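*Asks:* I have a structure I would like to understand better, so I am pasting it below and will then ask my questions one at a time.
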Amino acid sequence: MARQTHTPSTGKLPGVEKCPTGIRGLDEITDGGLPRGRPTLVCGGAGSGKTLLAMEFIVRGIRDYGEPGVFVAFEETADELSRNVSSLGFDLDKLVRRRQLAVDHIRVERSEMEETGEYDLEGLFIRLGTMIDQIGAQRIAIDTVEVLFAGLLNEAILRAELRRLLRWLKDKGVTTIITGEQGEKTLTRHGLEEYVSDCVIFLDHRIVNQIATRRLRVVKYRGSSHGTNEYPTMIDQHGLSVLPISSLGLDYGASTEHVSSGVDRLDAMLGGGGYYRGSSILVSGTAGTGKTSLAAAFIDAACRRGERCLYLVLEEAPAQIIRNMASIGFDLGRWVDKGSLRFHGVRSTLYGLEQHLVTLHKLVSEFHPPTVAVDPITNLMVVGETAEVKSTLTRMIDFLKNQGITALFTSLTEGGGPAEQTEVGVSSLMDTWLLLRNVEMGAERNRLMFILKSRGMAHSNQVREFRLSDQGIQLRDVYVGPSAVLTGAARLVQEARDKAQAVSERESMARRRRELQQEQALTRAQFEALHLKTAALDEELHTLEAEDQTRRVTAAGEQAELARAQGADGNGGLSKKGAKRPADRYARA
Amino acid sequence: MIAKHATSDTELLEEAARKAKHQKYVLRLYVAGMTPRSREALRTVSEICREELAGRCDLEVIDLYKQPTLAHREQIVAVPTLIKKLPLPLRRFIGSMVDKEKLLVGLDLIPRTP
């Protein structure tokens, strides 16, 4: 307590000492908490959660940081307060009995009071001082001091006294929250911000398109860095939580591990293993193209791997999805029973975008699922303006990425619009984009699927027919013929036609082959016959030659014998002539 | 009928006023230390007790610095605070009680001027 009183406000300390609030998210935005030993103004409209923030600051300070606290209520009695926050699990009475908490209700009733002359608020100081000293409080919340403006008429005195009060609290070294009602043009109706120069937090509760969204903004924080944006805020059974925008840097890791998409052929199309772990997958398509089925396949595969899954459904009841997916062979019910799959089904219009984001945050931080599916993100469109939706989705995707969660989003494309465009314009944030499409042809509709993009993997460029059966999802090659790309029955018909044609072609081929073979055989037979004839002639020729030889020898012998018998001497010329004639005759024959 | 009724109302009021004249006043003046304001308030209230409520005034002056818990019990915010505990209704006056007339009116000791 005392250490802060020695700290001059213009000191050269490295930074302001922080007093953690224990409120989820708020300490991150304020880089550690509220300025210790100094007052912080929390302002906002009615119902924006000022009292809750102040109360959580006190109770969490006691519970989580062991710092006793005082809560001063101007609007509610101690009993009312105690009842109001018991739903959050805060037992004020117990804390009071343990002398860690002091609650005081300060009632200023205009009707029974008259002012005559000058006064000061020393009574208030005494009350606060007594409580602070009784329990050794290090924190105090005053909710809301503006009630004094309604009860006391002399505003000049009041303002001077408020200034003195804050100075006094600062000197006592207690970390203070004072709350103030939002004014028309000012942060607070009575300009409290001029007294509190250290830290101002503004809570906003606005209605856009009939849907309420809560925001928190740190308007100023002297001597400390802080987030300057409006942060989505949520109030639920655990109190207030503020959602810091996921880290602004793009510094998440990139895994090279693959996770199955749940469809074998799709895994094959995605370079063999499926999606990258930690990547964002968008499945877009018009109504009835099988987006949810693809999401179910992905979830089923993750559950089979033994991973926990979170399935955010914004359109159908979980029971209905379980039933529908069972019809195509995905038994999601058993994963729910096993506890590995958690559904979160709400209508997107139930609450604002921020609330959706905060809910996702909470679910993820409670359940730690490595796999998340959101079906469909386009339903969030109706909740806010396009720019808002986009920024929320960006945060959602960033958040999941930072957590290393593989997330699949489905997106409904309105009929008639360009398919390569998501309604909410988040495609650029996605790592893998699967496009589903209906093709109407031959009195039937068929589903087509192709990978529009998949960062960092050699993915197939082929269009596949996407078939849902009781065996799950099947991808079939489409018929890519010279005339058209055919699917479904048309594909089957064309395939049959092709088959018939192929058969007939095969048959005519065989026939032609047979004909040729026959002709070949015939030719070969003719060839054989001629060959035989040649051989026969050859033989005859040989015989003739032999006969002729024999005859000639015989004739020559007869001539010589005749010559000898005639006694002639000149056998040369005569024998020549005589020999020649019969030989010629034979040759000619 | 109406006239008679009105008469009876007036009679009641007159009776109440007569009674008030004899009623005992219980006044508590809460101060925080003897500041000039405290002193001024105490002087005015004492005067009224002496002049208007002689013999039927129970005035007690409480210094909250000495009895700080009373500030909580009596819902004191501003000082000096004068509380008229009796006669009912309970009424509070804050300030240095410079305006004696206003105080007398508030204590029902002189009629309210229109």
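*Asks:* If I filter segment A:183-192 for residues that are out of contact with any His (no Cβ under 7 Å at 6 or more places or on another chain), assigned to a strand (DSSP E or B) and not assigned by TED's automatic domain parsing to the domain that holds A:Tyr351, do I get at least one hit?
*Replies:* No, segment A:183-192 has no match at all.
*Asks:* Limited to segment A:438-459, what total is found for residues that are surrounded by fewer than 17 Cβ atoms within 10 Å (Cβ to Cβ) and either farther than 13 Å from A:Gly290 by Cα or outside the structural domain of A:Leu282 (by TED's automatic domain parsing) (or both)?
*Replies:* Result for segment A:438-459: 10.
*Asks:* Are any of the residues in segment A:171-187 buried (at least 19 other Cβ atoms within 10 Å of the Cβ), modelled with pLDDT of 90 or more and within 14 Å of chain B (Cβ to nearest Cβ)?
*Replies:* No: segment A:171-187 contains no residue that is buried (at least 19 other Cβ atoms within 10 Å of the Cβ), modelled with pLDDT of 90 or more and within 14 Å of chain B (Cβ to nearest Cβ).
*Asks:* Can you spot a residue in segment A:350-359 that is surrounded by 15 or more Cβ atoms within 10 Å (Cβ to Cβ), modelled with pLDDT of 85 or more and in contact with a helix residue (DSSP H, G or I) (Cβ under 8 Å, 6 or more places away or on another chain)?
*Replies:* Checked segment A:350-359: no residue is surrounded by 15 or more Cβ atoms within 10 Å (Cβ to Cβ), modelled with pLDDT of 85 or more and in contact with a helix residue (DSSP H, G or I) (Cβ under 8 Å, 6 or more places away or on another chain).
*Asks:* Only residues in segment A:134-152 that are within 14 Å of A:Ser111 (Cα to Cα) and open to solvent by 10 Å² or more (accessible area, probe 1.4 Å) count as the first member; pair them with residues that are in a loop (DSSP other than H, G, I, E, B) and polar (S, T, N, Q), Cβ under 8 angstrom, at least 6 apart or cross-chain, and list the lot.
*Replies:* From residues that are within 14 Å of A:Ser111 (Cα to Cα) and open to solvent by 10 Å² or more (accessible area, probe 1.4 Å), there are no pairs.
*Asks:* Do we find that A:Val59 is farther than 22 Å from A:Arg167 by Cβ and assigned by TED's automatic domain parsing to the domain that holds A:Gly183 in this structure?
*Replies:* yes
*Asks:* Could you list, in sequence order, the residues of segment B:59-80 that are open to solvent by less than 20 Å² (accessible area, probe 1.4 Å) and either out of contact with any Asp or Glu (no Cβ under 8 Å at 6 or more places or on another chain) or at pLDDT below 85 (or both)?
*Replies:* Selection gives B:Ile62, B:Ala71, B:Ile76, B:Val77, B:Pro80.
Matching residues to (1) in contact with a Ser or Thr (Cβ under 6 Å, 6 or more places away or on another chain); (2) buried (at least 21 other Cβ atoms within 10 Å of the Cβ):
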| residue | (1), (2) |
| --- | --- |
| A:Ser293 | no, yes |
| A:Ala302 | yes, yes |
| A:Asp331 | no, no |
| A:Asp337 | no, no |
| A:Leu341 | no, yes |
| A:Pro370 | no, no |
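*Asks:* Report, by residue number, each residue of segment B:81-91 that is surrounded by fewer than 17 Cβ atoms within 10 Å (Cβ to Cβ) and either in contact with a helix residue (DSSP H, G or I) (Cβ under 8 Å, 6 or more places away or on another chain) or within 19 Å of A:Val108 (Cβ to Cβ) (or both).
*Replies:* Passing the criteria: B:Lys85, B:Pro87, B:Pro89, B:Leu90.
*Asks:* Search segment B:55-83 for residues being among the charged types (D, E, K, R) and closer than 19 Å to B:Glu40 by Cβ, and hand back the single one that is farthest from the other protein chains (Cβ to nearest Cβ).
*Replies:* B:Glu60
*Asks:* Sticking with this structure for a sec: Among the residues of segment A:484-518, what is the count of those that are under 18 Å from A:Gly442 (Cβ atoms), open to solvent by 60 Å² or more (accessible area, probe 1.4 Å) and acidic (Asp, Glu)?
*Replies:* 1
*Asks:* Would you call B:Leu59 more than 30 Å from A:Val145 (Cα to Cα) and in a strand (DSSP E or B)?
*Replies:* Spelling it out, B:Leu59 is indeed more than 30 Å from A:Val145 (Cα to Cα) and in a strand (DSSP E or B).
*Asks:* Being assigned to a loop (DSSP other than H, G, I, E, B) and either more than 9 Å from chain A (Cβ to nearest Cβ) or under 15 Å from B:Leu29 (Cα atoms) (or both) is the filter here; which residues of segment B:89-99 pass it?
*Replies:* Once the filter is applied, which keeps residues that are assigned to a loop (DSSP other than H, G, I, E, B) and either more than 9 Å from chain A (Cβ to nearest Cβ) or under 15 Å from B:Leu29 (Cα atoms) (or both), segment B:89-99 yields B:Leu90, B:Gly95, B:Ser96, B:Met97, B:Val98.
*Asks:* Report every pair of residues separated by at least 6 positions or lying on different chains whose Cβ atoms are under 8 Å apart, first residue within segment A:50-73 and in contact (Cβ under 8 Å) with a residue 24 or more places away in the chain and over 10 Å from A:Ile178 (Cα atoms), second assigned to a loop (DSSP other than H, G, I, E, B) and basic (Lys, Arg).
*Replies:* Close Cβ pairs (under 8 Å, with a partner that is assigned to a loop (DSSP other than H, G, I, E, B) and basic (Lys, Arg)) amount to A:Pro68/A:Arg99.
*Asks:* Which condition from (1) modelled with pLDDT of 85 or more; (2) within 30 Å of A:Ala73 (Cβ to Cβ); (3) more than 10 Å from chain A (Cβ to nearest Cβ) is the one that B:Leu86 breaks?
*Replies:* Exception for B:Leu86: condition (1).
*Asks:* Moving on to the next point. Pull up segment A:50-64, narrow it to residues that are under 36 Å from the mean Cα position of the chain (by Cα) and open to solvent by 10 Å² or more (accessible area, probe 1.4 Å), then point me to the one that is nearest to A:Leu240 (Cα to Cα).
*Replies:* Looking at residues that are under 36 Å from the mean Cα position of the chain (by Cα) and open to solvent by 10 Å² or more (accessible area, probe 1.4 Å), I get A:Leu52.
*Asks:* Related question: Taking the stated definitions as given, is A:Arg189 more than 25 Å from A:Glu112 (Cα to Cα) and not polar (S, T, N, Q)?
*Replies:* Answer is no for this residue.
*Asks:* Let me ask another. Only one of (1) facing another protein chain (nearest Cβ under 9 Å); (2) in a loop (DSSP other than H, G, I, E, B); (3) open to solvent by 50 Å² or more (accessible area, probe 1.4 Å) is not met by B:Lys102, so which one is it?
*Replies:* (2)
*Asks:* Pull up segment A:344-373, narrow it to residues that are among the aliphatic types (A, V, I, L, M) and assigned to a helix (DSSP H, G or I), then point me to the one that is farthest from the chain's Cα centre (by Cα).
*Replies:* Checking each candidate, the answer is A:Leu350.
The values are calculated or read from the model by the stated rules, or taken from the named source; none is laboratory data. Every value quoted in this text rests on a predicted model; they were computed, and no experiment measured them. In this analysis, Cβ positions are derived from the backbone assuming ideal geometry, glycine residues included, and neighbour counts consider all displayed protein chains. All accessible areas refer to the heavy atoms of the entire protein, side chains included, with ligands and DNA or RNA removed. Shrake-Rupley method; radii C 1.70, N 1.55, O 1.52, S 1.80 Å.
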